[in-house]
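The values are calculated or read from the model by the stated rules, or taken from the named source; none is laboratory data. On a predicted model such as this, the values are computed, not experimentally measured, just so you know. Heads up, the Cβs are rebuilt from the backbone with ideal geometry, glycines too, and the neighbour counts pull from every protein chain shown.
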């Protein structure tokens with residue numbers, strides 16, 4: 001096919017992504033450097049970054065939010081990945097296409113995170129369904145006896161919302177790998193005399209590792225930067241980076257916009273560095 | 001655990017929230033320790049359905065999500081086709097370009113675009129919101145269509161062309177039918193991502209465009225549980241109907257649906 005036709009096919013989609021993404025990045029960097037023409041401010045400086053990283057008020061908030069975001073995203077990702085690995089290990093040797101499991105996992109992906117968070121709130125809050133059941137069974141005397149599981153200061157509600165949401169996602173990724181190449185290797189290992197544990201540990205896990213690690217990285221970067229769930233089932237303190245960025249940006253004081261922008265750019269930078277390192281590491285693994 | 005138990009547990013985890021929403025939406029006078037509501041009443045739910053603000057939000061969400069799906073398919077089809085059926089320099093780079101929006105948070109892109117869209121006069125317009133929704137949607141449509149192009153046999157197109165079919169005829173009678181499951185799934189995926197979008201609509205809609213997620217967020221901060229439940233039901237009903245219609249395609253590996261966290 002002629003060269004120009006190739007680019008004609010790619011151009012519309014690429015131009016939209018480059019235009020929107022580039023525009024967003026360009027204006028984002030400019031604003032974070034204090035270029036706020038609507039306030040008549042055109043002097044560029046690193047003041048916003050200084051305030052965010054080391055400022056008297058925001059500095060503490062930033063490091064707290066960074067730690068909290070790391071905790072929530074790592075705990076939820078690790079939890080989802082381990083559960084998914086356990087489930088896959090227990091069903092990997094079935095001789096079938098896993099259609100039922102795929103369909104139900106796909107249906108899970110259809111529920112928006114915000115709605116999922118609301119369901120969790122209605123089930124797990126101190127006057128929710130579980131608390132009512134506990135009360136009915138005589139385990140509780142008053143709502144405050146029920147543990148604070150959503151809108152709690154450790155982010156338990158956020159982590160639970162993500163784990164229940166991301167296990168089906170990782171399952172779909174793992175099932176795709178299993179369907180493509182899993183069974184033959186497991187059968188060979190079995191006929192060579194490997195016991196069940198050996199098959200799972202020495203054949204299945206190495207087989208699933210690349211796709212599950214890749215999927216987990218997507219989950220990690222998604223949770224690290226997502227706004228909806230922490231906004232709905234989180235607390236104001238400690239908060240995650242995404243909620244901090246958006247609150248600063250929507251602050252009636254327009255000068256806080258530069259800081260909101262700085263927070264969101266730093267947050268994106270952290271994600272891109274992690275993804276980039278993982279990508280390089282994987283390439284090095286493949287080459288060795 | 002056996003395979004069956006896992007499928008059932010996952011199904012249960014999916015059904016419980018829907019049941020909980022139904023109970024909260026239709027319960028009357030259901031005060032705390034009571035295990036079961038005193039009576040049932042569809043009044044609040046029906047009032048919600050008739051609420052002009054809700055109807056407007058529903059309509060705008062519908063227009064935006066449908067528009068985004070169509071735009072994403074029209075833009076994504078040629079891109080996925082070139083990316084998968086040809087090898088050329090810069091292919092990896094273009095794939096990287098489509099990968100970026102899947103990991104950069106929408107809070108970051110939305111905040112950056114807020115001013116750009118204000119300047120272009122696109123803020124607060126339906127088209128502006130559709131355009132910005134393409135950032136999270138387009139990559140998934142390209143990846144989903146791409147993975148079904150990866151096992152696409154172009155010989156059928158060539159056969160048709162040799163027999164004298166025009167390019168349009170080949171497209172409509174050969175390519176589209178062969179890729180139909182993937183096109184349908186990609187379209188539904190696009191609808192779903194757009195329908196669930198909150199942050200980007202908020203930052204670009206500028207208070208003029210109100211979508212369903214915004215009503216849900218407002219209800220969540222208000223704390224009225226039956227309102228939250230009614231809105232959640234109205235929010236997910238179209239998604240469940242759409243997915244029910246395409247469920248038989250979803251479990252099949254041939255559609256190449258790219259899952260998303």
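So that you can scan it fast, the table gives a plain yes or no per residue for (1) touching a residue at least 24 places away in the same chain (Cβ under 8 Å); (2) assigned to a loop (DSSP other than H, G, I, E, B); (3) in contact with a strand residue (DSSP E or B) (Cβ under 8 Å, 6 or more places away or on another chain); (4) more than 30 Å from residue A:179 (Cα to Cα):
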position	(1), (2), (3), (4)
A:29	yes, no, no, yes
A:43	no, yes, no, yes
A:48	yes, no, no, yes
A:77	yes, no, no, no
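Check B:15, B:46, B:54, B:62 and return the single one that is closer than 23 Å to residue B:214 by Cα and either free of Cβ contacts under 8 Å to residues at least 60 places away in the same chain or part of a loop (DSSP other than H, G, I, E, B) (or both).
Working: B:15 fails: closer than 23 Å to residue B:214 by Cα; B:54 fails: either free of Cβ contacts under 8 Å to residues at least 60 places away in the same chain or part of a loop (DSSP other than H, G, I, E, B) (or both); B:62 fails: either free of Cβ contacts under 8 Å to residues at least 60 places away in the same chain or part of a loop (DSSP other than H, G, I, E, B) (or both).
Step by step, each of B:15, B:46, B:54, B:62 is checked, and only B:46 is closer than 23 Å to residue B:214 by Cα and either free of Cβ contacts under 8 Å to residues at least 60 places away in the same chain or part of a loop (DSSP other than H, G, I, E, B) (or both).
For region A:251-268, state whether one or more residues are part of a helix (DSSP H, G or I), at pLDDT 90 or above and within 14 Å of the chain's Cα centre (by Cα).
Within region A:251-268, one or more residues are part of a helix (DSSP H, G or I), at pLDDT 90 or above and within 14 Å of the chain's Cα centre (by Cα).
Return yes or no: is residue A:225 closer than 26 Å to residue A:275 by Cα and surrounded by 15 or more Cβ atoms within 10 Å (Cβ to Cβ)? Full working, then the answer.
On the way: closer than 26 Å to residue A:275 by Cα: yes; surrounded by 15 or more Cβ atoms within 10 Å (Cβ to Cβ): yes.
The answer is yes for residue A:225.
Answer with yes or no whether residue B:201 is at pLDDT 95 or above, over 25 Å from residue B:145 (Cα atoms) and under 17 Å from the mean Cα position of the chain (by Cα). So that I can check it myself, show each step before the final result.
Details: at pLDDT 95 or above: yes; over 25 Å from residue B:145 (Cα atoms): yes; under 17 Å from the mean Cα position of the chain (by Cα): yes.
Here the answer is yes, as residue B:201 does meet what is asked.
Scanning region B:75-96 for residues that are surrounded by fewer than 18 Cβ atoms within 10 Å (Cβ to Cβ) and at the interface with chain A (Cβ under 7 Å from one of its Cβ atoms), which turns out nearest to residue A:273 (Cα to Cα)?
Looking only at region B:75-96, we keep the residues that are surrounded by fewer than 18 Cβ atoms within 10 Å (Cβ to Cβ), and these are B:85-93, B:95-96.
Next, from what is left, pick out any that are at the interface with chain A (Cβ under 7 Å from one of its Cβ atoms): B:86, B:88.
Working: B:86: 30, B:88: 27 Å.
Among those that are surrounded by fewer than 18 Cβ atoms within 10 Å (Cβ to Cβ) and at the interface with chain A (Cβ under 7 Å from one of its Cβ atoms), it is B:88.
Here are the criteria: (1) crowded, with 20+ Cβ neighbours inside 10 Å; (2) within 11 Å of chain A (Cβ to nearest Cβ). Tell me which single one residue B:246 does not satisfy.
(1)
Could you list, in sequence order, all residues of region A:80-99 that are part of a helix (DSSP H, G or I) and either modelled with pLDDT of 85 or more or closer than 20 Å to residue A:189 by Cβ (or both)?
To start, the set of residues in region A:80-99 that are part of a helix (DSSP H, G or I) comprises A:80-91, A:99.
Answer for region A:80-99, where residues must be part of a helix (DSSP H, G or I) and either modelled with pLDDT of 85 or more or closer than 20 Å to residue A:189 by Cβ (or both): A:80, A:81, A:82, A:83, A:84, A:85, A:86, A:87, A:88, A:89, A:90, A:91.
Report the residue count in region A:5-17 for those that are more than 7 Å from chain B (Cβ to nearest Cβ) and touching a helix residue (DSSP H, G or I) at 6+ places or on another chain (Cβ under 7 Å). Before you say what the answer is, go through the steps one by one.
Let us first name the residues in region A:5-17 that are more than 7 Å from chain B (Cβ to nearest Cβ), namely A:5, A:7-8, A:11, A:15.
Now narrow it down to the ones that are touching a helix residue (DSSP H, G or I) at 6+ places or on another chain (Cβ under 7 Å): none.
Number satisfying all stated conditions: 0.
Looking at (1) surrounded by fewer than 23 Cβ atoms within 10 Å (Cβ to Cβ); (2) within 30 Å of residue B:244 (Cβ to Cβ); (3) touching a helix residue (DSSP H, G or I) at 6+ places or on another chain (Cβ under 7 Å), which is the only condition residue A:89 fails?
(2)
Listed here are the residues, each with its yes/no results for (1) within 14 Å of chain B (Cβ to nearest Cβ); (2) within 18 Å of the chain's Cα centre (by Cα); (3) within 21 Å of residue A:230 (Cβ to Cβ).
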site: A:53; (1), (2), (3): no, no, no
site: A:56; (1), (2), (3): no, no, no
site: A:61; (1), (2), (3): no, no, yes
site: A:64; (1), (2), (3): no, no, yes
site: A:67; (1), (2), (3): no, yes, yes
site: A:86; (1), (2), (3): yes, no, no
site: A:90; (1), (2), (3): yes, no, no
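Is it the case that residue B:107 is more than 11 Å from chain A (Cβ to nearest Cβ), assigned to a helix (DSSP H, G or I), touching a residue at least 24 places away in the same chain (Cβ under 8 Å) and at negative phi? Walk me through how you get there before you give the answer.
On the way: more than 11 Å from chain A (Cβ to nearest Cβ): no; assigned to a helix (DSSP H, G or I): yes; touching a residue at least 24 places away in the same chain (Cβ under 8 Å): yes; at negative phi: yes.
No; evaluated as a whole, the condition is false for this residue.
Which members of region B:1-47 meet the condition of being exposed (fewer than 13 other Cβ atoms within 10 Å of the Cβ) and farther than 25 Å from residue B:219 by Cβ?
B:1, B:2, B:4, B:5, B:12
Could you check, for region A:208-226, whether at least one of its residues is more than 17 Å from the chain's Cα centre (by Cα), over 26 Å from residue A:124 (Cβ atoms) and touching a residue at least 60 places away in the same chain (Cβ under 8 Å)?
Pass one, region A:208-226, residues more than 17 Å from the chain's Cα centre (by Cα): A:208-210.
In the following step, the residues that additionally are over 26 Å from residue A:124 (Cβ atoms) were identified as A:208-210.
If we keep only those that are touching a residue at least 60 places away in the same chain (Cβ under 8 Å) too, we end up with A:208, A:210.
Checked region A:208-226: at least one residue is more than 17 Å from the chain's Cα centre (by Cα), over 26 Å from residue A:124 (Cβ atoms) and touching a residue at least 60 places away in the same chain (Cβ under 8 Å).
Given the conditions (1) away from chain A (no Cβ under 11 Å); (2) surrounded by 17 or more Cβ atoms within 10 Å (Cβ to Cβ); (3) modelled with pLDDT under 90, and given that residue B:153 satisfies all but one, which numbered condition is not satisfied?
Going through (1) away from chain A (no Cβ under 11 Å); (2) surrounded by 17 or more Cβ atoms within 10 Å (Cβ to Cβ); (3) modelled with pLDDT under 90 one by one, residue B:153 breaks only (2).
Being under 27 Å from residue A:198 (Cβ atoms), surrounded by fewer than 20 Cβ atoms within 10 Å (Cβ to Cβ) and facing chain B (nearest Cβ under 8 Å) narrows it down to one of A:99, A:94, so name that one.
Unique residue meeting the criteria: A:94.
Go through (1) free of Cβ contacts under 8 Å to residues at least 12 places away in the same chain; (2) in a helix (DSSP H, G or I) and name the single condition residue A:194 misses.
Among (1) free of Cβ contacts under 8 Å to residues at least 12 places away in the same chain; (2) in a helix (DSSP H, G or I), the lone unmet condition for residue A:194 is (2).
Of everything in region B:18-33, what is in a loop (DSSP other than H, G, I, E, B) and more than 7 Å from every other protein chain (Cβ to nearest Cβ)? Give them in sequence order. Show your work before the answer.
Step one: of region B:18-33, the residues in a loop (DSSP other than H, G, I, E, B) are B:29-33.
Passing the criteria: B:29, B:30, B:31.
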